[in-house]
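Visitor: Please see the structure below; I have some questions.
The values are calculated or read from the model by the stated rules, or taken from the named source; none is laboratory data. As the structure is a computational prediction, the values presented were derived from the model and not from experiment. Note: ideal-geometry Cβ built from the backbone for every residue, glycine included; neighbour counts use all protein chains shown. Remember, those area values only see protein heavy atoms, side chains included, never the ligands or the DNA or RNA. Shrake-Rupley method; radii C 1.70, N 1.55, O 1.52, S 1.80 Å.
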Amino acid sequence: MSFIAKDVIRLHGLKIGIDKDAVSMPILRSMLQGWYEAVELTLMKKVLTPGDRIVEVGGGIGITAMKAADIIGAENIFSFELNPYLIEWSADNFKRNGFEIQVFQQALFPRASLPDGLVDFHVHQNFWASSLAPREGTVETIKVPAACLEDKIAEHRANVLIVDIEGAEVHLFNGLDLTGIEKIVMEIHYRAAGRTETNAMIRSIEDRGFFLDYEMIDSGVLCFTRTADAQT
């Protein structure tokens with residue numbers, strides 16, 4: 001299925017093309033009511049500063065990337081998205097709003113668990129539930145290339161990670177070398193990833209020298225910043 005914008009709405013100050021026939025009611029409602037990605041955008045405004053460079057894992061329809069670009073510049077954002085429909089949709093949104101942002105269709109893994117070749121990506125009927133893990137509601141499974149996240153961080157000289165990957169975050173951070181990263185904005189997913197597994201991931205990030213700002217936690221979105229005495 002290819003993305004074709006049949007309507008345009010205003011969302012977070014952006015012109016967003018939508019196809020109401022192809023979007024589930026929960027997603028459409030969240031957009032029309034203005035709360036789609038609202039928490040992530042609030043946190044980004046608090047933690048991003050000019051000079052930051054972002055690797056975004058799970059780019060969606062490009063809203064977080066565009067709002068981040070207002071702060072740090074589009075050339076400093078490198079977004080990774082696996083769903084081809086969302087890649088087309090984000091490209092439409094970028095063009096509509098005058099942004100040039102790179103989006104790569106690669107599944108990122110830590111070097112310690114990087115698979116060879118292609119991996120399965122499961123496209124869900126609600127696109128925000130699409131994931132590397134199969135689940136009820138999957139409508140299509142596609143093959144996507146795997147890549148090393150540490151290499152992408154180094155290649156793009158990134159100091160910020162933005163992560164929204166529907167539960168796969170517990171695997172992404174398992175053994176991940178966070179050298180160079182100073183800030184992490186991440187949505188967690190207890191139902192998809194498991195409460196015990198997610199809490200263990202959070203503790204492991206803190207153990208690597210990051211401070212979890214409890215005042216910023218909202219609707220499952222977390223913000224970590226590296227403490228001054230952290231080494232790696």
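Visitor: Starting with the highest mean, order 52-59, 202-209, 133-140, 33-40 by the number of other Cβ atoms within 10 Å, averaged over the residues of each peptide.
Guide: 52-59, 33-40, 202-209, 133-140
Visitor: Helix 63-72 versus the longest principal axis of the chain: what angle, 0 to 90°, nearest 10, using Cα atoms?
Guide: For 63-72 against the chain, the angle is about 60 degrees.
Visitor: So, one more: Assign one of three labels to the range 115-158, namely rounded, prolate or oblate, based on the Cα gyration tensor with a ≥ b ≥ c the square roots of its eigenvalues; rounded applies when a/c is under 1.5, prolate when it is not and a/b is larger than b/c, and oblate otherwise.
Guide: Verdict is prolate for the range 115-158.
Visitor: Report the relative contact order of the chain, percent, no decimals, based on alpha-carbon pairs under 8 angstrom and at least 6 residues apart.
Guide: So the answer I get is 16 percent.
Visitor: Oh, and also: Between D218 and Q33, how many nm apart are label points set 7 Å from Cα along the C-beta direction?
Guide: So the two model labels end up 1.6 nm from each other.
Visitor: Would you mind checking the range 1-38 for residues with the amide N under 11 Å from a putative spin-label position 7 Å along Cα→C-beta of Q125?
Guide: Label zone hits: 24-25.
Visitor: Rounded to the nearest 5, what % of the DSSP beta bridges within the range 1-158 are antiparallel ones?
Guide: Of all bridge pairs located within the range 1-158, approximately 55 percent are antiparallel.
Visitor: Quick one: work out the % antiparallel among DSSP beta bridges in the range 132-232, nearest 5. Mind showing how you got there, number by number?
Guide: Working: 9 of 13 bridges.
Rounded to the nearest five, the antiparallel share is 70 percent.
Visitor: Which order do you get for D70, D19, D164 if you rank them by accessible area with a 1.4 Å probe, largest at the top?
Guide: Heavy-atom accessible area, descending, gives D70, D164, D19.
Visitor: Under a cut-off of 16 Å between alpha-carbon atoms, report the aspartates and glutamates in cross-link reach of K20, not counting same-chain residues fewer than 8 places apart.
Guide: D7, E88, D92
Visitor: Okay, moving on. How much of the accessible area of the chain, probe 1.4 Å, is carbon plus sulfur, in whole percent?
Guide: 50
Visitor: Mean residue ellipticity at 222 nm from the helices of the chain, using -39,500 (n - 2.57) per DSSP H segment of n ≥ 4 over the full residue count, to the nearest 500 deg cm²/dmol?
Guide: -8500 deg cm²/dmol
Visitor: Looking only at the range 70-90, which residues have a backbone nitrogen under 14 Å from a spot 7 Å from the Cα of E182 in the C-beta direction?
Guide: In the range 70-90, the label zone of E182 (backbone N under 14 Å from the point 7 Å along Cα→Cβ) covers 72.
Visitor: Between F211 and A91, 0.36 nm times their residue separation minus their Cα-Cα distance comes to what?
Guide: That works out to 39.8 nm of additional length.
Visitor: Sticking with this one: Taking 24 Å as the cut-off for C-alpha to C-alpha distance, list the pairs among K15/K45; K6/K152; K15/K152; K143/K183 that go past it.
Guide: Details: K15/K45 19 Å; K6/K152 35 Å; K15/K152 30 Å; K143/K183 30 Å.
The pairs that break the limit, which is 24 Å between Cα atoms, are K6/K152; K15/K152; K143/K183.
Visitor: If R₀ is 30 angstrom, what is the calculated FRET efficiency for the pair T196 and D116, using the beta carbon separation as r and rounding to 0.05? Walk me through the numbers before you get to the answer.
Guide: Working: r = 29 Å, r/R0 = 0.98.
For R0 = 30 Å, the calculated efficiency reads 0.55.
Visitor: If you count only protein heavy atoms with a 1.4 Å probe, what accessible area per residue comes out for the chain, rounded to a whole Å²?
Guide: Per-residue value: 47 Å².
Visitor: Roughly how much of M201 is accessible, in Å² to the nearest 10, using a 1.4 Å probe?
Guide: It works out to around 10 Å².
Visitor: Could you calculate the contour length gain from M25 to K46, that is, 0.36 nm times the residue separation minus the distance between their Cα atoms, to one decimal place in nm? Walk me through the numbers before you get to the answer.
Guide: Details: separation 21, 0.36 × 21 = 7.56 nm, distance 3.06 nm.
My answer for the length gained is 4.5 nm.
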